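Taken together, the values in this text are just the output of simple stated rules run on the coordinates, not laboratory data. Since the structure is predicted, the reported quantities are computational estimates derived from the model, not experimental observations. Every residue, glycine as well, gets a Cβ built from its backbone with ideal geometry; the counts of neighbours run over all protein chains shown.
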């Protein structure tokens with residue numbers, strides 16, 4: 001139990017710190033690397049919630065796939081422009097005010113609602129349960145997702161086609 | 001840890017992502033902020049799913065992660081396309097609607 005609390009706080013602090021580094025850093029490439037750290041910390045948070053499969057998907061797809069894509073995008077666009085990408089912010093005060101106000105509102109609302117403090121016991125293997133519902137109750141969204149990925153693939157290759 | 005701790009963490013991460021999305025000039029920087037916000041929503045979904053003993057939220061998180069990957073691929077394709085036409089990464093320069 002104490003190990004779980006320590007793990008939660010370690011991952012939470014890493015996540016928030018890396019998130020702040022993503023939005024406040026000056027170098028775009030460093031921001032992407034800190035985003036990878038934030039995504040891996042999120043996978044750790046999923047592990048404290050007993051969602052091992054989601055954590056694995058998070059690391060493979062998000063931290064692996066998305067970060068590779070974004071780095072690739074930076075490399076391609078830097079070559080196209082021929083100069084280092086500027087990565088400055090604007091309206092920092094107004095944006096910070098809006099974000100802080102929303103955070104205060106959300107945290108206040110969360111603290112005023114009675115919420116569960118203990119997790120219910122696991123009925124069985126969560127991954128097995130997820131697999132069963134994925135192919136019984138959620139078959140249609142699962143198949144639609146395959147269509148969406150195909151459309152995404154076609155759309156991305158259409159947009160990024162070489163100029164003729 | 002109670003559900004409240006997870007929801008508070010997700011709210012804070014969401015607001016950090018919101019801050020990045022509204023303040024960044026660079027289009028890829030805006031995409032990174034959106035990633036953080038989607039990530040916070042996934043934490044909420046998994047936390048509610050675990051504390052309610054119902055696996056629907058976790059299945060939904062899987063769908064959300066896959067859709068995010070498609071979104072990033074398309075978003076980066078659009079960013080690369082905008083570079084070709086405008087030679088700029090700044091969102092302030094993307095203010096026209098015709099092709």
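With Cα atoms defining each centre, the range A:64-78 and the range B:1-66 are spaced 22 Å apart in the structure. Find, to one decimal place in angstroms, the Kirkwood hydrodynamic radius of chain A, where the mean of 1/r is taken over every pair of different Cα atoms and then inverted. For chain A, inverting the mean 1/r across all distinct Cα pairs yields 19.7 Å.
With distances taken between every two different alpha-carbon atoms, the range A:1-63 has a Kirkwood hydrodynamic radius of 11.9 Å. Kirkwood analysis of the Cα pair distances in chain B returns a hydrodynamic radius of 15.1 Å. Modelled spin-label separation between residue A:101 and residue A:72, with each label point placed 7 Å from Cα along the Cα-to-Cβ direction: 4.1 nm. Relative contact order for chain B: 27 percent, from Cα pairs under 8 Å spaced at least 6 residues apart, divided by residue count. For chain A, modelled as a GNM whose springs connect Cα atoms under 10 angstrom apart, the maximal fluctuation among A:43, A:93, A:18 occurs at A:93.
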